[in-house]
1. Using a/c under 1.5 as the rounded threshold, could you call the range 3-137 rounded, prolate or oblate? The axes a ≥ b ≥ c are square roots of the C-alpha gyration tensor eigenvalues, and prolate needs a/b larger than b/c, oblate otherwise.
2. Give me the extension gain from ALA81 to ALA19: residue separation times 0.36 nm, minus the current Cα-Cα distance, reported in nm with one decimal.
3. Provide the FRET efficiency to the nearest 0.05 for the GLU173-ARG142 pair, computing r from the beta carbons and using R0 = 22 Å.
4. Once whole DSSP H runs in the chain are found, which of them have Cα atoms spread over 30 Å or more along the helix axis and a mean Kyte-Doolittle score of at least -0.5?
5. How large is the dipole of the chain about the Cα centre if only Lys and Arg carry +1 and Asp and Glu carry -1, each at its Cβ, rounded to the nearest 20 debye?
6. State the answer as a single residue: which of ALA114, TRP31, LEU73 lies farthest towards the positive end of the charge dipole of the range 3-137, with beta carbon charges of +1 for Lys and Arg and -1 for Asp and Glu, about the Cα centre.
7. According to a simple spin-label model (label point 7 Å from Cα along Cα-to-Cβ), what is the distance in nm between ARG108 and GLN165?
8. Can you sort TRP31, TRP17, TRP113 so the residue with the fewest Cβ neighbours within 10 Å comes first?
Amino acid sequence: MSAASITRDFLGAEPTWQAAGIEMEDVQPLWGGHRLVISGRGQADAQSVSADGKVTRGHLYLPAGEVRRLLALCCEHDLLATPPPTHPGLPDEAQPTITLINPAGERRGVTAWAEGMADGFAAVYKALHALARRALAVTATRTRLAELDAQLQEKGYALDRFSHQPSVVTFIEQEIAGLESQIAAHRQTLARLTTFPSAKEHTP
């Protein structure tokens, strides 16, 4: 087996990648960090862990093409051929691990120090971190939208209750306009976060 084929040989034929997966563990005990689990079918579950251990969760469903591109990126950089770290690590330095799961359910991981990552590992790490942040942002935006929708509904009820008081109605209408503006902005953000470029747009 040539070094250049380790990752692709482990993952197997591309049509079977729906049963594959990729995980990232990047939580430093003192400073926190991120975790990410992606299934070949497109479910991405992210966690942000704060320094005091508080966990914030995020979820995102990826199109099949996006998962294939992530796994192809691992193959392009032959992630599993990444050499082990050559330095002992700095005090409290993070040591992220990226793990691939092949269609047979076998797991193989690669670990690197945060400083001096190999280029291939760094490329995959950067893509996974961006995806983790995106999943967290999607969930936060959806949560905020639900809160704003609930507030808007309450203002609608208030508008009915105070319809006989013009000054109060004017104030409530201003609040409703502000809520509607926020909702529109959050919906635009959500649309942007959940829209992935097509394969053609990925092609240089």
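Rule-based calculations on the coordinates, nothing more; no lab input. Predicted model, so just to flag it, every value in this text is computed and none were measured. Here Cβ is always computed from backbone atoms with ideal geometry, including for glycine, and neighbour counts include all displayed protein chains.
1. Numbers: a/c = 2.21, a/b = 1.18, b/c = 1.87.
Oblate.
2. Values: separation 62, 0.36 × 62 = 22.32 nm, distance 2.18 nm.
Gain in length upon complete extension: 20.1 nm.
3. Working: r = 27 Å, r/R0 = 1.21.
Given R0 = 22 Å and the Cβ-Cβ separation, E is 0.25.
4. Values: long enough: 119-161 (63 Å, -0.14); 166-193 (40 Å, 0.18).
Span-like helices, by this rule, are 119-161, 166-193.
5. Numbers: 19 positive and 23 negative charges, 78 e Å.
It works out to roughly 380 debye.
6. Comparing the listed Cα positions along the dipole, LEU73 ranks first.
7. 7.1 nm
8. Details: TRP31 12, TRP17 20, TRP113 16.
If I rank by nearby Cβ atoms, fewest first, I get TRP31, TRP113, TRP17.
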